[in-house]
Amino acid sequence: MKWFVQTAAMAVVVAGFVSAEPAQAYGRDGHRIVCDLAYRYLSDDARTEIDRLVALDPQFEAFRDVCSWADEVRGSTHRHTAPWHYINQDRDDPQVDPEDCAENGCITSAIDLHAGIFADRSRSDEDRLEALKFLAHWMGDIHQPLHVSIDGDRGGNDIDVLWRGERRTNLHRVWDSEIILDHMSESWSWAPSAERNAYFAEELAAGIPLAGVDIYTPLDPIGWAQESHDIVRSREFAYYWARPDHEPIEPGDHYYETGLRISQQRLRLAGVRLAGLLNQIVEGRTETARTTPALSGSGALD
């Protein structure tokens, strides 16, 4: 017998098991990991529909391949979507709300937009495929904490970092790529770099206790953004107090280890929530509750 859960409640289980303009969220590897995870938890109907749509585009072989597409077109054919990758707030704004969205859109409104287009069966397959590609990407972006950022530093891109005493970068890239790349290179050094994201996805999936569970995710972009808001304003995240004109911050191994734990949790949640949202849309379920999930351990770095 199968059981189903809505991810507002499921998120507590997952968390318990894992005790200007930003740059690309999570990088290509992170987005592939999110979609690799999501594909594992699709219902049969959702998987059939996603496979059918993805097969219409010869550029892609699998669902995970489409998930970084939105970064590839933001500077060319879809320049108008560049502000949709993030949402900015005043430094002391304690709450994410729709009014934080810029006039030309933001990540929360983009999720609403593309979930709606994907759900609309009267739209062409071309429109729905494009919406799917955007929606899958946005779900990765909104779970990368620095895509809910403080106005004025481009999501941490202007915060200089000397990462683990070895290389100069910026805080946004640390959370996009450096944490993930370091973990993959240290864990699977023997594997070709292009294949390591698959091993990371497998590792993450092993920590998701959802075998035999049907997953459905109510649409809640404001709640998901609030989680990222709370993480980036936590004391040890080293962002709220940082300024572009200050000396580089120097996160060491402790920051890496705690950052890896948070990154693992956010990747898991992004993947499972994306699966649940696609299941809900494809199956025509009507739950639309907008409540912030209670996420034990997700609100701050220890």
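Take the Cα pairs of the chain, get the Kirkwood Rh, then feed it into Stokes-Einstein at 25 °C and 0.890 mPa s and tell me D in µm²/s.
Details: Rh = 19.2 Å.
Estimated diffusion coefficient is 128 µm²/s.
Rounded to a whole number, what is D in µm²/s for the stretch 61-124 from Stokes-Einstein with the Kirkwood radius over alpha-carbon pairs (37 °C, 0.692 mPa s)? The estimated diffusion coefficient comes to 241 µm²/s.
Here the stretch 150-205 and the stretch 67-110 have alpha carbon centers that stand 22 Å from each other. Per-residue ellipticity at 222 nm, computed for the chain from helices alone with -39500 (n - 2.57) per DSSP H run of at least four residues, works out to -14500 deg cm²/dmol. Applying a DSSP loop filter and a limit of 16 other Cβ atoms within 10 Å to the GluC sites (Glu not before Pro) in the stretch 82-185 leaves Glu103, Glu166.
Subtracting the Cα-Cα distance of Ala211 and Glu195 from their residue separation scaled by 0.36 nm leaves 3.3 nm. Subtracting the Cα-Cα distance of Arg167 and Glu186 from 0.36 nm times their residue separation leaves 5.2 nm of extension gain.
Between the beta carbons of Asn104 and Ser76, assuming R0 = 25 Å, the FRET efficiency works out to 0.90 to the nearest 0.05.
Taken together, the values in this text are just the output of simple stated rules run on the coordinates, not laboratory data. As the structure is a prediction and not an experimental result, all values here were calculated from the model. A quick note on method: Cβ atoms are made from the backbone with ideal geometry, for glycine too, and the neighbour counts reach across all protein chains shown.
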